[in-house]
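Colleague: Just dropping this structure here.
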Amino acid sequence: MKTSNVLLEVRDVAREFDVSRPWLNRVIENQPKAILKAVDGVSFSINRGETLALVGESGCGKSTIARVVCGLYTPSRGSVIFDGVDMAKASTSEQQQLRKRFQMIFQDPYASLNPRWRVGKIIAEPIVSHGIMTDKEQIKKRVDELLTQVGLSPQDQEKFPHEFSGGQRQRISIARALSSNPEFLVCDEPTSALDVSVQAQILNLMKDLQREFGLTYLFISHNLAVVSHISNRVGVMYLGRLVEMADTKTIFHRPLHPYTQMLLSAIPDLKMTGRQRTPVAGEVPNPLNPPSGCTFHPRCPYANDRCTSEAPKMIAADDGSMVSCHAVEERRIPIRLAA
Amino acid sequence: MTTPLPLPLLEVRNLRVQFPTRRGLLTAVDDISLSIAPGEVLGVVGESGAGKSLTGAAIIGLLEPPGRIASGEILLNGRRIDNLSPEEFRKIRGREIGAIFQDPLTSLNPLYTIGRQITETILTHLDVSPAEAKKRAIDLLNEVGIPAADKRIDHYPHQFSGGMRQRVVISLALAAQPKLIIADEPTTALDVSIQAQIITLLKKLCREHGTSIMLVTHDMGVIAETADRVAVMYAGRIVEIGPVAEVIHNPQHPYTVGLMGAIPDLTKEVERLTQIDGSMPRLNAIPSGCAFNPRCTRKVEVGSRCTTERPGLLPAGKTQAACWLYANDGANDGANNPANHNVNAPQTVAV
Amino acid sequence: MNDTFKRMRESDLWYSFKRHPLVIVAAAAALICILGALFAPWLAPHNPFDLKTLNLLDAFTPPAWTSAGKAQFFLGTDDQGRDILSTIMHGSRVSLTVGICAVALSMVIGITLGLLSGYLGGALDSFIMRVADVQLSFPAILIALLIDGVARVVMGKDGHDDVAVYVLIFAIAASGWVQYARTVRGSTLVERNKEYVQAARVIGRKPLAIMFSHVLPNVMGPVLVLATLHVGSAIITEATLSFLGVGVPPTQPSLGTLIRIGNDFLFSGEWWITVFPGVMLVILVLSINILGDWLRDALNPKLR
């Protein structure tokens, strides 16, 4: 196992938010502090050139992890290691150098571009900010190049974002992300706000660009079908913890964790195969007050006493995937094939 | 097969919804016709800007001015409802047509308990005593799966989670026992696992109460699970309509074909998703002839008719598609026309 | 440039402007006043400050349309023989200068503090907001008086006269920055969480750069409306202070000073000396306020 092949490593990262009411209110109403554990100890690594997807429902912490990886939040615990360099320990200049090598694409195409800036300026911002090029002509040519690569026209750089549709704006975001020649892109639900046909265009584009530039993607999504199309490996998150991590094919054909099985079962049956479905039980609990032990136990058909008191650790299943579940460990779960 | 068709519950004829703006008159829904039989679920699917939400809003009389119904008729049980005064429509809304909207947070009044909101709806439309109304409200909450309904009836909307709130909204929609429910993206704001629960619930309730649903959504998966028939909308027009299994497995209109190919499929692994180049035209720039023609890869098979004449819904296999490929009047060379073999069959497809 | 003009002509703002006749009239009135004030040294029929041209025999001449009026003094003359029309034009110049400069300074202070407060948050935010709260509990006039009074004491009478206008501008600015800070802070809090700001942070831009190049253009809208309305109230504040005798020095009379001077003669029959500067003040402030009101409604997306 070549460690130099690992581009990003996330080690036991946790991130908490203090959502307590103001001190005075708390004292008067005699309430304790409210700490939201958005991410509670997540570890994974991404190899060069691969696409790792993180899936989960609302409140699972996947967006928070994306922001921790990009440096928008500092982790409350644990570390993010990019190409061997611990981001928290790097000097400011080292950090600036590292920032050239990764970028982020956001979910909302309407809020991710500054409405008062022209498209050309938006795309050139990483170039100008990092001082990669200083000559105006050179920069303009580079922006022309990028716009063509994402399927827009060079004339578009004089326009404002509101003159474009959602899908076109996402292309502009992608062009901006590529302008500093990064190796790593964090994509936070990049197609969730787009129509199906536009989504197909963007996903195809992202795959093409990955092939052409050897990019590595961390792809966050709640849409399992999209994830199955674009990723090599998938990590399933629930209430801030990683419950299963495996190759895409494996996880969709042989899901181990009960939550993964439930998620797959809940996907609408587009091909109308009339497949057998386990009924989905309950709802995601309030992340401010998560259940004890394994946070999934109130909804889990296989929960026993151990599950209510002890949080399971990540173990390797026999096919190389990782899963965090007592029932799997104790071999109480029958391995099912997803239809 | 000439059995008389049962009277449809809802019939929309040549509906046109327009918006006068300072840049001109925009036609958001352009001459669509559809019908819903009693107890049937009709899906209306399309991407953003296709006009599906406006169709639902027009039917239930909630078009925001300056939008207005420019022409066409909407009939409920044979009676015209599009030309009623607001006062008369108020009696129908709730009693005969119920509504479920996308965002459960804003569909409920945060200042009133849900019990009060449900009983208010019941008392407005049905002639029962307040005690009876409260009993019915509790029964409804039980039906939609709210645990401890008799206690939770006095709770406020913010005390419910997203999925529970949507269940409350469904119970509100059903409170006055309407015959038709317009559901506009009822599951889009919910997590996938909750989505599945809500879809199952809707289907069950409507079967039990015999309520028809017009389900407006962009999610084909939800349609596949819930609807009996589906209408595909594009740029304010219906481009294909037919039984759900047919439209999904054998789409006839090139747009529907592209749409189905663009949806990533868990069961199949493809290198590239089908891509329809371009995007849906803006309302002030709708192409002449067939609205889809600039993006259509099969234009060559038909010729110039696509850019000059707008196609109506034509029989195409077991569905109907608004596409000149299926014209059987010899105007094109009918290269790939599966409709050729049943060109003489009487019009038995229930529309 | 042509592109900008074309965009302006096609914009919703221009469309709204064309449909409100009152606003067009107000804009025209304001424009005339401002141009008259700006070019006063060249446009005014007389120079009221050139002692050589003044003739005491011309004093107390009523307006030209009355029986005792003279054509060359259109609005009459004051107690020293100065042409009222000319003094009004020069006076407006001072009033507008003080008003606009005070508002500009106020905007700079308020926007900067608002951006810092909203973007950086924390203790800085709390401090700035508490200062703002405290200041808001004092009437603006009192604050201006306070600053002005301190300056007079510190600089002595003669020294003060030289810098009186600057002190006045600073005093009015200091009493008016809070509304900008609050508005900008609110908008900044909203914009800070938007993805384009996060994108800039991921790119690695420094907070100050993000505040001024990204956030500022997006929070300026409401500020422009506030500024337009503030010009009107700044002019009134200056007029009030000058009327009370603690504003501009007598060598550079503003409209307020003129009103005060004329006030002494109001009840002895020479009404025009105080009324015309007063009317000019009203027209100026009213037209600016009408413009500001229209601008606020036109820019409010919810009312479109």
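The values are calculated or read from the model by the stated rules, or taken from the named source; none is laboratory data. This is a predicted model, so every value here is computed, not measured. Because the Cβ atoms are built from the backbone with ideal geometry, glycine has one as well, and the counts that use them run over all protein chains shown.
Colleague: Collect the residues in region B:174-200 that are within 14 Å of chain A (Cβ to nearest Cβ), closer than 20 Å to B:Asp139 by Cβ and crowded, with 19+ Cβ neighbours inside 10 Å, keeping them in residue-number order. Don't jump to the end; show me each part of the working.
Modeller: Initially, region B:174-200 is screened for residues within 14 Å of chain A (Cβ to nearest Cβ), giving B:185-200.
Cutting the leftovers down to closer than 20 Å to B:Asp139 by Cβ gives us B:197-198, B:200.
Answer for region B:174-200, where residues must be within 14 Å of chain A (Cβ to nearest Cβ), closer than 20 Å to B:Asp139 by Cβ and crowded, with 19+ Cβ neighbours inside 10 Å: B:Gln197, B:Ile198.
Colleague: Now a separate question. Can you name the residue in region A:200-215 that is surrounded by fewer than 24 Cβ atoms within 10 Å (Cβ to Cβ) and not aliphatic (A, V, I, L, M) and, of all such residues, is nearest to A:Tyr110 (Cα to Cα)? Show your work before the answer.
Modeller: Here is the first cut: in region A:200-215, the ones surrounded by fewer than 24 Cβ atoms within 10 Å (Cβ to Cβ) are A:203-215.
Retained after the next criterion (residues that are not aliphatic (A, V, I, L, M)): A:204, A:207-208, A:210-214.
Numbers: A:Asn204: 21, A:Lys207: 23, A:Asp208: 24, A:Gln210: 24, A:Arg211: 27, A:Glu212: 27, A:Phe213: 27, A:Gly214: 28 Å.
Once the filter is applied, the top-ranked residue is A:Asn204.
Colleague: Report, by residue number, each residue of region B:253-278 that is touching a helix residue (DSSP H, G or I) at 6+ places or on another chain (Cβ under 7 Å) and more than 9 Å from chain A (Cβ to nearest Cβ).
Modeller: So the first thing to find is which residues in region B:253-278 are touching a helix residue (DSSP H, G or I) at 6+ places or on another chain (Cβ under 7 Å), and the list is B:256, B:258-260, B:262-266, B:272-278.
Of everything in region B:253-278, those that are touching a helix residue (DSSP H, G or I) at 6+ places or on another chain (Cβ under 7 Å) and more than 9 Å from chain A (Cβ to nearest Cβ) turn out to be B:Thr256, B:Gly278.
Colleague: Are any residues in region B:299-317 surrounded by fewer than 17 Cβ atoms within 10 Å (Cβ to Cβ), in contact with a helix residue (DSSP H, G or I) (Cβ under 9 Å, 6 or more places away or on another chain) and in a loop (DSSP other than H, G, I, E, B), and if so, which ones?
Modeller: Within region B:299-317, B:Gly303, B:Glu309 qualify.
Colleague: Also, quick follow-up: Going residue by residue through region B:221-241, is there one that turns out to be of a type in the set (Val, Ile, Thr), assigned to a helix (DSSP H, G or I), within 12 Å of chain A (Cβ to nearest Cβ) and within 19 Å of B:Leu54 (Cα to Cα)? Even if it seems obvious, please write down each step before you answer.
Modeller: Our first condition is that a residue be of a type in the set (Val, Ile, Thr); within region B:221-241, this holds for B:222-223, B:226, B:230, B:232, B:238-239, B:241.
With the extra rule that they be assigned to a helix (DSSP H, G or I), the set shrinks to B:222-223, B:226.
Among the residues that remain, those that are also within 12 Å of chain A (Cβ to nearest Cβ) are: B:222-223, B:226.
With the extra rule that they be within 19 Å of B:Leu54 (Cα to Cα), the set shrinks to B:223.
The answer is yes; a qualifying residue exists.
Colleague: Out of the residues in region A:86-138 meeting the condition of being facing another protein chain (nearest Cβ under 9 Å) and polar (S, T, N, Q), tell me which one is nearest to A:Arg169 (Cα to Cα).
Modeller: A:Ser112
Colleague: Continuing with the same structure: Here are some residues: A:Arg142, A:Arg171. Which one is more than 27 Å from the chain's Cα centre (by Cα) and either in the same structural domain as A:Lys207 (by TED's automatic domain parsing) or β-branched (Val, Ile, Thr) (or both)?
Modeller: On the way: A:Arg171 fails: more than 27 Å from the chain's Cα centre (by Cα).
One residue alone meets the criteria, A:Arg142.
Colleague: Hey, among C:Gly110, C:Gly91, which residue is surrounded by 21 or more Cβ atoms within 10 Å (Cβ to Cβ) and under 17 Å from C:Ile273 (Cβ atoms)?
Modeller: Details: C:Gly110 fails: under 17 Å from C:Ile273 (Cβ atoms).
That would be C:Gly91, the only listed residue that is surrounded by 21 or more Cβ atoms within 10 Å (Cβ to Cβ) and under 17 Å from C:Ile273 (Cβ atoms).
Colleague: Being of a type in the set (Phe, Trp, Tyr) and either within 30 Å of A:Gln96 (Cα to Cα) or touching a Cys at 6+ places or on another chain (Cβ under 7 Å) (or both) narrows it down to one of C:Phe267, C:Phe243, C:Phe276, C:Phe212, so name that one. Give the steps one after another, and end with the answer.
Modeller: On the way: C:Phe267 fails: either within 30 Å of A:Gln96 (Cα to Cα) or touching a Cys at 6+ places or on another chain (Cβ under 7 Å) (or both); C:Phe243 fails: either within 30 Å of A:Gln96 (Cα to Cα) or touching a Cys at 6+ places or on another chain (Cβ under 7 Å) (or both); C:Phe276 fails: either within 30 Å of A:Gln96 (Cα to Cα) or touching a Cys at 6+ places or on another chain (Cβ under 7 Å) (or both).
Every option except C:Phe212 fails the conditions.
Colleague: Give A:Ser231, A:Ser265 a once-over and let me know the one that is buried (at least 20 other Cβ atoms within 10 Å of the Cβ), modelled with pLDDT under 90 and among the hydroxyl-bearing types (Ser, Thr, Tyr). Before the answer, list the steps.
Modeller: Working: A:Ser231 fails: modelled with pLDDT under 90.
Result: A:Ser265 is the single residue among A:Ser231, A:Ser265 that is buried (at least 20 other Cβ atoms within 10 Å of the Cβ), modelled with pLDDT under 90 and among the hydroxyl-bearing types (Ser, Thr, Tyr).
Colleague: Those residues that are surrounded by fewer than 17 Cβ atoms within 10 Å (Cβ to Cβ) and among the charged types (D, E, K, R), I need them from region A:17-49; list them, please.
Modeller: Those that are surrounded by fewer than 17 Cβ atoms within 10 Å (Cβ to Cβ) and among the charged types (D, E, K, R): A:Asp18, A:Arg21, A:Arg26, A:Glu29, A:Lys33, A:Arg48.
Colleague: Further, regarding this structure: Please go through (1) in contact with a His (Cβ under 8 Å, 6 or more places away or on another chain); (2) at pLDDT below 90 for C:Tyr196 and return the number of the only condition it doesn't satisfy.
Modeller: Just one mismatch for C:Tyr196, condition (2).
Colleague: Does region B:299-315 contain at least one residue that is within 22 Å of the chain's Cα centre (by Cα) and in contact (Cβ under 8 Å) with a residue 60 or more places away in the chain?
Modeller: yes
Colleague: Read through the list (1) closer than 28 Å to A:Gly166 by Cα; (2) in contact (Cβ under 8 Å) with a residue 40 or more places away in the chain, then give the number of the only condition that A:Ser228 fails.
Modeller: A:Ser228 satisfies every listed condition except (2).
Colleague: Starting from region A:307-325, keep only residues that are modelled with pLDDT of 85 or more, then list their pairs with residues that are basic (Lys, Arg) and surrounded by fewer than 12 Cβ atoms within 10 Å (Cβ to Cβ) whose Cβ atoms are within a distance under 8 Å, requiring at least 6 positions of separation or different chains.
Modeller: The qualifying pairs are A:Ser324/A:Lys313.
Colleague: Of the conditions (1) more than 21 Å from C:His230 (Cβ to Cβ); (2) outside any helix (DSSP H, G or I), C:Gly247 satisfies every one except a single condition; which number is it?
Modeller: Only one criterion is unmet by C:Gly247, namely (1).
Colleague: Note down all Cβ pairs under 7 Å where the first residue falls in region A:170-194 and is within 12 Å of chain C (Cβ to nearest Cβ), the second is part of a helix (DSSP H, G or I) and of a type in the set (Asp, Glu), and they're at least six residues apart or on different chains.
Modeller: Close Cβ pairs satisfying both conditions: A:Arg176/A:Glu125.
Colleague: If B:Pro130 passes every condition in (1) more than 14 Å from every other protein chain (Cβ to nearest Cβ); (2) free of Cβ contacts under 8 Å to residues at least 40 places away in the same chain; (3) closer than 11 Å to B:Ile114 by Cα but one, which one does it miss?
Modeller: It fails just one condition, (3).
Colleague: For region A:28-131, which fully contained strands (runs of 3 or more DSSP E) count at least 3 residues that are closer than 26 Å to A:Arg176 by Cβ?
Modeller: Numbers: elements: A:35-47, A:51-55, A:77-82, A:102-105.
Passing ranges, in order: A:51-55, A:77-82, A:102-105.
Colleague: Follow-up. If you go through region B:34-76, how many residues are touching a residue at least 60 places away in the same chain (Cβ under 8 Å) and part of a strand (DSSP E or B)?
Modeller: Selection size over region B:34-76: 13.
Colleague: Within region B:82-101, take every residue that is part of a loop (DSSP other than H, G, I, E, B) and out of contact with any strand residue (DSSP E or B) (no Cβ under 9 Å at 6 or more places or on another chain) and give me the one that is surrounded by the most Cβ atoms within 10 Å (Cβ to Cβ). Full working, then the answer.
Modeller: We begin by selecting, within region B:82-101, every residue part of a loop (DSSP other than H, G, I, E, B); these are B:82-85, B:94-96, B:101.
Within this subset, residues satisfying the condition of being out of contact with any strand residue (DSSP E or B) (no Cβ under 9 Å at 6 or more places or on another chain) are B:84-85, B:94-95.
Values: B:Leu84: 16, B:Ser85: 7, B:Gly94: 21, B:Arg95: 17.
Here the answer is B:Gly94.
Colleague: Please tell me if C:Asp58 is over 25 Å from C:Ser287 (Cα atoms), among the acidic types (Asp, Glu) and touching a strand residue (DSSP E or B) at 6+ places or on another chain (Cβ under 6 Å).
Modeller: Details: over 25 Å from C:Ser287 (Cα atoms): yes; among the acidic types (Asp, Glu): yes; touching a strand residue (DSSP E or B) at 6+ places or on another chain (Cβ under 6 Å): yes.
Taking the combined requirement at face value, the residue satisfies it.
Colleague: Also, quick follow-up: Considering region B:207-220 alone, what residues qualify as being surrounded by 21 or more Cβ atoms within 10 Å (Cβ to Cβ) and outside any loop (DSSP other than H, G, I, E, B)?
Modeller: Passing the criteria: B:Ser212, B:Ile213, B:Met214, B:Leu215, B:Val216, B:Thr217, B:Met220.
Colleague: Here are A:Gly71, A:Gly41: which of them is under 19 Å from the mean Cα position of the chain (by Cα) and free of Cβ contacts under 8 Å to residues at least 40 places away in the same chain?
Modeller: Working: A:Gly41 fails: free of Cβ contacts under 8 Å to residues at least 40 places away in the same chain.
Every option except A:Gly71 fails the conditions.
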